[in-house]
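Single-structure report; data block below.
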Amino acid sequence: MPQDNSSVSFVLSRVNADFISGGKAIPALRDISLSVPSGAFISVVGPSGAGKSTLLRIILDLMPHTSGTIVRSFTQPAMVFQNYAIFPWLTALDNVAFGLHMQGIPRKERERIARAKLQEVGLEHLERHYPAALSGGQRQRVGLARALTMSPDLLILDEPFSNLDTITAEALKADLLKIWRSYGMTIFMVNHLIPDAIELSDSILIMGAHPGHITKTLQIDLPRPRNPHGDQFFKKVDELTNIIREIS
Amino acid sequence: MTRSIEHRPTKMWHRTSLLHHRRIWLIMTSIALFALLLILFGYFNNVAWGTLVTAVLHTTYRLIIAYLIALVLGILIGLLVGSSSLIDALFPVFDILQNIPSFALIPFFIYFFGYTDQMIILFAVSSIVWPILFSILSAIKSAHSDLNDAAAIFGARGLKRIFFYLAPLSFPAILTGSIVGIAIGWEAVIGAEIIVNAAGFGSFIRNASTTGIDQASVAGMLVILLIVFVINRLIWTPLLLESSRRYAE
C-alpha cells in the first residue's frame, strides 16, 4: 500500500560507500538512489556481495558513506538480525527490555512493556530463559520482541528467516505481517526467498554485485491479503525470477 | 504416542564437569594419602610448620593483593582500549610488551621500590595483568559484528556501551584470564621473594634448600597445592559453571 509522497521514511540520493580492507578502499555500493515511503513494506533481493547488509548499515548510520545524500525522516529505528544477535548474558525478558533500559526507563516499567511484547510473539512462558536454552525460532522471536519494544517507525530486517526451518519461518512471516498491519511502521527487509518477498512487499529492490547497485525496482500492486496460489501471484514470481536470472 | 528426547545444552557440560570433578578428587586424595604416609614415617619431623604457614600466608596475601590490582587494571585498560578504535593499533604493541620476560624487569622494580612488599606486589601485577588484558581484548575483537550493531541500535553507546555491552561480553574472558594470571602470579611472587629474600614462601624454600632440609620444600609445596585447590573449588569452578550456563552458544 503505497502512501502519499509527502511522508517518506528515508531517502538515499546517489549514495556511494566503500569498505576499508587492509588500508585499501573497496567499492561496496555505487550510486544508490531510493525513496522509501512511510508505512511501506520494501524488500531487497540480490546475490551475496551485492552490499545488502552494507546498505542496511548505512541507512542506520552504523557506517559512513563516501558520497551522496541521505535524508532520514524516521525517528526510532530497530533491527532484526539473521543470526538473532541477542545478548547471551541476558534472559529473554532482559534482552527484550534492553533498549528501554538504555533509555533509562525504570526496571518495573520496562519489564512490564517487555513482558507484553514477549506475549505478543508468544514467548511469555520463557522470559527467565537464557538464549542458550532457546531454539532458533524462539531466539528470533526474542529479537523481534526486542525491536518492537522500541516502538520503531522503521523496522529493518536482515534475512530474518534464513537460519530458520520452513515451518518456523512461515509462522514468523505470518506474525510479521500481523505486526506490520497493527503497528503501521515502515519495514525494510533483506530476503532471499522470492515468493516471500512478493507475498509481503509493496515493492522489491533487486540489487546486483561488484560493486553493489540497484538493478531494478519491481512494484507489487497485488491486493492484500495476498493469495500465494493465484495466477497473478505466479506471474509476479516469474517476472522476478526472470529479472534475477538476467543479472546473474 | 511419541516422546521427545530431552536435550538440554547444559547437559554435556554437566557431564564433563562431573568427570573433571571426579578426576581432581582422585588426584587430591592420592596426594593427601601420600602426605599422610610421609607424616606417619616421620618425614616431616624437622619441618617448622609455624614458620612455613606464616611464609605461605605472606605469599598468598601478596598474590591476592597483586591479583586484585591487576584485575582492576586489566579490566580498565581492556574495556577502554576495546571501546576505542585504537584496539587494532594497540594489540600488537601489547603483544610485544607482554613478551618481555618479566623477571628481566625486576632490577627496575627494585630500583624504584627497593626490597619491599610493594615491589613484589607490583612486580606480580606486571605479570598477572597481561593474560587478563589479552583475553578481554580478544573477546571484544572477536565479538560478532551483528552483536556490536545490535548494541548500538538499541542505544548502548558511549559509557553505556562499556557497562552494558563490553563488560558483560568480556566476563568469560575475564574469568579465564584470571585463572591463567593467578597461575603466573604464584610464579612471579615466589620468584621475586627468592630474589629479594623477603619473608614469604620464596625465601622459605631458599633457606630450606641452603640448610638442606628438603622436607620443608615438600611440605611447602603440599600447602600451596592445598591453597590452589581450595581457591579453584570455591571460586573458579562455580564462576565457570555460571559462565558456561549463561554464555553457551
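Assorted remarks:
- Subset of region A:163-177 [part of a helix (DSSP H, G or I), farther than 14 Å from A:R226 by Cβ and not acidic (D, E)]: A:T166, A:I167, A:T168, A:A169, A:A171, A:L172
- B:A139 more than 21 Å from B:I64 (Cβ to Cβ), buried (at least 17 other Cβ atoms within 10 Å of the Cβ) and touching a Ser or Thr at 6+ places or on another chain (Cβ under 7 Å): yes
- Apart from one condition, A:A133 fits all of (1) among the aliphatic types (A, V, I, L, M); (2) under 27 Å from A:M207 (Cα atoms); (3) at pLDDT below 90; the exception is (2).
- When the test is whether a residue is surrounded by 17 or more Cβ atoms within 10 Å (Cβ to Cβ), within 14 Å of chain A (Cβ to nearest Cβ) and touching a helix residue (DSSP H, G or I) at 6+ places or on another chain (Cβ under 7 Å), B:P131 does not pass it.
- The residues of region A:212-240 that are over 18 Å from A:S48 (Cβ atoms) and assigned to a helix (DSSP H, G or I), listed by number, are A:D231, A:Q232, A:F233, A:F234, A:K235, A:K236, A:V237, A:D238, A:E239.
- In region B:55-78, the residue that is nearest to B:I128 (Cα to Cα) out of those that are surrounded by 15 or more Cβ atoms within 10 Å (Cβ to Cβ) and of a type in the set (S, T, Y) is B:Y67.
- Leading residue by the ranking (surrounded by the fewest Cβ atoms within 10 Å (Cβ to Cβ)) among those in region B:155-195 that are among the aromatic types (F, W, Y) and within 12 Å of chain A (Cβ to nearest Cβ): B:F163
- Hits in region B:219-249 - residues which are more than 30 Å from B:N46 (Cα to Cα), part of a helix (DSSP H, G or I) and either in contact with a helix residue (DSSP H, G or I) (Cβ under 6 Å, 6 or more places away or on another chain) or within 14 Å of chain A (Cβ to nearest Cβ) (or both): B:W236, B:L239, B:L241, B:E242, B:S243, B:S244, B:R245, B:R246, B:Y247
- Unique match (being more than 17 Å from the chain's Cα centre (by Cα) and more than 14 Å from chain A (Cβ to nearest Cβ)) among B:A152, B:A70, B:A104: B:A104
Conditions (1) modelled with pLDDT under 90; (2) among the polar types (S, T, N, Q); (3) within 24 Å of B:F164 (Cα to Cα), marked per residue:
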position	(1), (2), (3)
A:D18	yes, no, no
A:G22	yes, no, no
A:G68	yes, no, no
A:S73	yes, yes, no
A:L100	no, no, yes
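- Residue that is surrounded by fewer than 19 Cβ atoms within 10 Å (Cβ to Cβ) and away from chain B (no Cβ under 14 Å), where the choices are A:S21, A:S35: A:S35
- Any hit, region A:46-58, residues being more than 9 Å from chain B (Cβ to nearest Cβ), surrounded by 21 or more Cβ atoms within 10 Å (Cβ to Cβ) and touching a His at 6+ places or on another chain (Cβ under 6 Å): yes
- Of the residues in region B:107-123, at least one is surrounded by 17 or more Cβ atoms within 10 Å (Cβ to Cβ) and within 30 Å of B:P168 (Cβ to Cβ).
- Condition met for B:L159 (under 17 Å from A:L90 (Cβ atoms) and at pLDDT 90 or above): no
- Residues in region B:233-244 that are closer than 22 Å to B:I121 by Cβ and surrounded by 15 or more Cβ atoms within 10 Å (Cβ to Cβ): B:W236 only.
- With respect to being surrounded by fewer than 18 Cβ atoms within 10 Å (Cβ to Cβ) and under 19 Å from A:G51 (Cβ atoms), A:A209 fits the description.
- For region A:45-76, filtered to residues that are of a type in the set (K, R) and in a helix (DSSP H, G or I), the residue that is farthest from A:V237 (Cα to Cα) is A:R57.
Here is a yes/no grid of residues against (1) outside any strand (DSSP E or B); (2) in the same structural domain as A:I42 (by TED's automatic domain parsing); (3) within 13 Å of the chain's Cα centre (by Cα); (4) of a type in the set (D, E, K, R):
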{"residue": "A:Q138", "(1), (2), (3), (4)": "yes, no, no, no"}
{"residue": "A:F161", "(1), (2), (3), (4)": "yes, yes, yes, no"}
{"residue": "A:R181", "(1), (2), (3), (4)": "yes, yes, no, yes"}
{"residue": "A:A197", "(1), (2), (3), (4)": "yes, yes, yes, no"}
{"residue": "A:H210", "(1), (2), (3), (4)": "yes, yes, no, no"}
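- When each of A:R115, A:R110, A:R141, A:R181 is tested for being within 14 Å of chain B (Cβ to nearest Cβ) and among the basic types (K, R), the lone residue that passes is A:R110.
- Within region B:196-222, considering residues that are crowded, with 18+ Cβ neighbours inside 10 Å and not small (G, A, S), the one nearest to the chain's Cα centre (by Cα): B:F201
The values are calculated or read from the model by the stated rules, or taken from the named source; none is laboratory data. These numbers were taken from a predicted model, which means no experiment stands behind them. Virtual Cβ from ideal backbone geometry, glycine too; neighbours counted across all protein chains shown.
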